[in-house]
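The values are calculated or read from the model by the stated rules, or taken from the named source; none is laboratory data. The model shown is predicted, which means the values in this text are computed figures rather than measured ones. Here the Cβ positions follow ideal geometry from the backbone for every residue, glycine too, while neighbour counts run over all protein chains shown. We work out accessible area using only protein heavy atoms, side chains counted, and drop any ligands, DNA or RNA first. Shrake-Rupley method; radii C 1.70, N 1.55, O 1.52, S 1.80 Å.
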Amino acid sequence: MGLPGCRFIYLPKITDPRGNLTFIEGANHVPFDIKRVYYLYDVPGGAERGGHAHKELQQFMIAMSGSFDVVLDDGSNKQRFHLNRSYYGLYIANMVWREMDNFSSGSVCMVLASEKFDETDYYRDYKEFLKATKQ
Ligand code: TYD
């Protein structure tokens with residue numbers, strides 16, 4: 001079973017012998033206004049990131065360089081996604097637990113977010129997250 005709402009989104013790609021170009025417009029190519037951008041880089045081999053869910057935040061994740069996996073879990077279903085190109089990304093709805101692993105060396109994960117940083121929006125305890133999904 002898949003996760004309703006979470007999906008790959010393919011972005012416009014302007015191919016050119018001088019190098020390709022991809023662009024992203026908030027509320028157009030991603031289903032939210034972009035309020036924040038952050039990125040993970042210099043990730044050591046074998047590292048795992050994530051391990052949380054968000055109450056309201058929506059995100060869109062792109063492998064700007066290299067590759068990594070994202071495991072999504074909405075409390076009922078779990079699915080592993082592989083990201084390895086900069087012309088598509090993974091849309092992650094709110095109330096979805098995510099874990100990231102298998103980072104290739106030199107990989108860069110860029111994340112577009114629907115809200116500014118807010119620690120109170122996080123579920124960092126899996127049991128607490130599961131309880132919230134059953135309510
Ligand atoms: P976290 O979201 O747990 O990282 P990841 O999901 O990639 O493993 O964030 C790690 C730390 O960075 C945590 O202390 C919060 C801080 N942080 C900010 O201050 N601002 C931000 O925009 C983000 C994403 C994290």
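What separates the Cα centres of the stretch 15-43 and the stretch 68-118 is a distance of 14 Å.
Packing, as the average of other Cβ atoms within 10 Å across residues, places the peptides 5-17, 58-70 in the order 58-70, 5-17, highest first.
Bridge orientation summary for the stretch 1-133: considering DSSP beta bridges with both residues in this region, about 95 percent are antiparallel. Here the accessible area of the chain is 48 percent carbon and sulfur, with a 1.4 angstrom probe and all protein chains present. Helical content alone sets the calculated 222 nm signal of the chain at -2000 deg cm²/dmol, taking -39,500 (n - 2.57) per DSSP H segment of four or more residues and averaging over every residue. In this structure the amide hydrogen of Arg7, modeled in the peptide plane, comes within under 5 Å of the amide hydrogens of Tyr91, none closer than 5 places in sequence on its chain. Entry note: the chain has Rg to Rh equal to 0.97, where both radii use alpha-carbon atoms and Rh is the Kirkwood radius.
With all protein chains kept in place, the per residue accessible area of the stretch 19-129 amounts to 52 square angstrom at a probe of 1.4 angstrom. Note on the chain: Lys pairs 8 or more places apart or on different chains, Cα atoms under 22 Å apart, count 10.
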